[in-house]
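Inspection log for the structure reproduced underneath, given as structure tokens.
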Amino acid sequence: MIEIIEKANKEALEIIQSGQPTLVGLGLAKEVIPGMEEDLFLHAGPPITWEKMSGPLRGGVMAGLMYEGLASSPEEAAEYAASGKLRFDPCHHHDAVGPMAGIVTPRMPVWIIENTAYGNKAYCTLNEGLGKVLRMGAYGPEVIKHLQWMETVLYPVLKETIEIHGPIDLKTMIAQAVQMGDEVHNRNKAATSLFIREIAPSILKTSFSNEEKIAVLEFLHSNDHTFLNLSMPAAKATLEPVGKVKHSTIVYTMARNGTEFGIRVAALGERWFTAPAEIIDGLYFPGFSMEDANPDVGDSCITETLGIGGFSMATAPAIVQFVGGTPKDAVRYTTSMYEITTEESRAYKLPPMNFRGSPTGIDIRKVIETQVLPIINTGIAHKEAGVGQVGAGIVRPPMACFEQALEAYVNLLEDEGLLEE
Amino acid sequence: MSIKDLFGQDLEVINLGLKSFHSDLKTQGVKSVHVNWKPKAGGKKNMLNLLSKINKVKKL
């Protein structure tokens, strides 16, 4: 006698544990992302209209329109976005993920990650670095110029580099990084270093000029978050097949669009359960405060959904200097996440937790029973379009997302006649 | 043991519920451990009802 839910969750966890996220190449969004079209921009989080978009999402869309050559000024871009000529869809509906605003436009280069155990792919743009960047809602001339450099120099060099190198096993790289002080959400220093060490010889073997190779290496070296845009699609590729496991209560998506937080649960397929996104408790850059903060935004909490990121903060004590709290808090956060998860990762082992595997497989039943919400560490964007990042901190999803999902799940069991009278 | 005997010796307290009880005891130098405990589903009746329904799922 096997209980339906336990059997389903066992299947879901086996999918997560045996996933093999592998970097297989790069391409342009319009050429490789399923369903990507010229009049479509992808964004972070659950579905949203231009009217309801917060500042950073709007800023990202405006930057995207200027980058695509569809507008020549922020005013023209805002007018174009509101005209109805442009369609919007979540990254998650196209096997993609995007940090912060998560805007993906047709011309943007993307990493291609394949989960070689299950054959599905995931896509993510290349990380732009820190400062004034599209993902934080900035749209000044320097933002557009940098995106153009990424398309014309960074992308072709990296594309040829990966062709020369061959596929890169991201699961092993993440497993190494979490033993080197990263949790691969807001701290990617070790993972980025490992990645550069892996690909540097292949960069040198490409057909590009020394100036271009040096520029690429210097950019990768300058940006500790290079690996974030690999850890995110690695998590997405690992979790996506879970969304097809019937009757499983495991969460396979958490994402925010800056207005709402949304989750998706395996048994309930592609349906989103949303509630207003929270303001983040964190450390603000000089001159900024909570008053300036936009609510929680970005697809990057796909890392927490997998059990890394905030769930594995114990392994990244240095991160508290960026997001707030103490190393003791980081251990406490990780310890509490075992309360709401199903297994411990067989791959991602955390030294400060005596090499316990990271807390894996969020179960909506456990979240409701214990009232312990997932912990997420995150960047904070300014609420106005055009400004950019103002800090970083800790946030949790609204409980309402999990309550709605549990209700829908019970309705599903009732509809299928699976509950005893 | 009678209550009188209990309070006649050094107290070692395990506190459940309001953390202020634990904090007050600590202030007075009493050995106290606070247990991070909440009632199931935060005591929300609708959520408890849903959880009890899930427990009635049929066996395969």
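The values are calculated or read from the model by the stated rules, or taken from the named source; none is laboratory data. Model, not experiment: these values are computed from the prediction. Cβ coordinates were reconstructed from backbone atoms using ideal geometry, including for glycine residues, and neighbour counts include every protein chain displayed. Only protein heavy atoms, including side chains, enter the accessible area calculation; ligands, DNA and RNA are left aside. Shrake-Rupley method; radii C 1.70, N 1.55, O 1.52, S 1.80 Å.
Worth pointing out:
- Residues in segment A:385-400 carry Karplus couplings, in order, of 4, x, 8, x, 6, 10, x, 8, x, 10, 8, 10, x, x, 4, 4 Hz; the curve used is 6.51 cos²θ - 1.76 cosθ + 1.60 with θ = phi - 60°, and Gly or Pro positions show x.
- Helix A:228-239 axis, angle to chain A major axis (alpha carbon atoms, nearest 10°): 40
- Segment A:243-415, dipole about Cα centre (Lys/Arg Cβ +1, Asp/Glu Cβ -1), debye to the nearest 20: 620
- Unit charges at the beta carbon, dipole of segment A:323-421: most positive-side option, A:Y333, A:P374, A:I362: A:Y333
- Remark on A:L126: its backbone amide H falls under 5 Å from those of A:W111, a criterion applied only to residues 5 or more positions apart or on other chains, H modelled at 1.01 Å from N.
- Estimated at the nearest 10 Å², the accessible area of A:M353 is 20 Å² with a 1.4 Å probe.
- Placing unit charges on the Cβ atoms only, positive for Lys and Arg and negative for Asp and Glu, gives segment A:230-316 a dipole magnitude near 560 debye about its Cα centre.
- If you take all other residues with their beta carbon under 10 Å from the beta carbon of A:N127, and give Lys and Arg +1 and Asp and Glu -1, the sum is -1.
- Helix axis angle, A:327-337 relative to chain A longest principal axis, alpha carbon, degrees: 50
- Net +/- balance of residues flanking A:L412 in space, Cβ distance below 11 Å, scoring K and R +1, D and E -1: -2
- Taking amide H as placed 1.01 Å from N in the peptide plane, A:A96 has its amide H under 5 Å from the amide H of A:Y123, each at least 5 places away in sequence or on another chain.
- If you take all other residues with their beta carbon under 9 Å from the beta carbon of A:P109, and give Lys and Arg +1 and Asp and Glu -1, the sum is +1.
- For segment A:286-358, convex hull of alpha carbons as volume per residue, Å³: 107
- Whether segment A:152-301 is rounded, prolate or oblate, judged on the alpha carbon gyration tensor where a/c under 1.5 counts as rounded: oblate
- Surface calculation, 1.4 Å probe, protein heavy atoms: A:L28 sits at approximately 30 Å² accessible.
- Lysine pair number, Cα distance threshold 13 Å (strictly under), segment A:156-307, separation 8 or more or different chains: 4
- Taking amide H positions as modeled 1.01 Å from N, with prolines and chain starts lacking one, the residues under 5 Å from A:A381 and 5 or more places away or on another chain are A:N294, A:V390.
- Positive-end ranking of A:L350, A:G309, A:L28 along the dipole of chain A, with charges on Cβ about the Cα centre, is headed by A:L350.
- Segment A:1-91 - Kirkwood radius from inverse mean 1/r over Cα pairs (Å): 16.2
- B:W37 contributes an accessible area of around 140 Å² to the protein surface, as traced by a 1.4 Å probe with all chains present.
- Pairs of alpha carbons in the protein assembly as shown whose separation is greater than 30 Å (percent): 47
- Per residue, the convex hull volume that the Cα atoms of segment B:3-54 enclose (Å³): 106
- Segment A:222-302 shape via C-alpha gyration tensor axes, a/c threshold 1.5: oblate
- Summed over both chains, the accessible area lost when A and B associate is about 1900 Å², using a 1.4 Å probe.
- Listed residues B:Q28, A:S18, A:M232: farthest to the positive end of the dipole of the protein assembly as shown (Cβ charges): B:Q28
- Estimated dipole of segment B:3-54 in Debye, rounded to 20 [Cβ of Lys and Arg +1, of Asp and Glu -1, Cα centre]: 520
- Whole-angstrom Cα spans of segment A:81-130 along principal axes, big to small: 43, 27, 18
- For q = 0.11, 0.14, 0.23 Å⁻¹, Debye-computed log10 I/I(0) when each Cα of segment A:87-212 counts as one equal scatterer: -0.44, -0.74, -1.57
- Solvent-accessible surface ranking, highest first, for A:R197, A:R356, A:R271 at 1.4 angstrom: A:R197, A:R271, A:R356
- Sulfur and carbon atoms: percent of accessible area, segment A:204-328 [1.4 Å]: 56
- At 1.002 mPa s and 20 °C, Stokes diffusion of segment A:268-421 via Kirkwood alpha-carbon radius, µm² per second: 128
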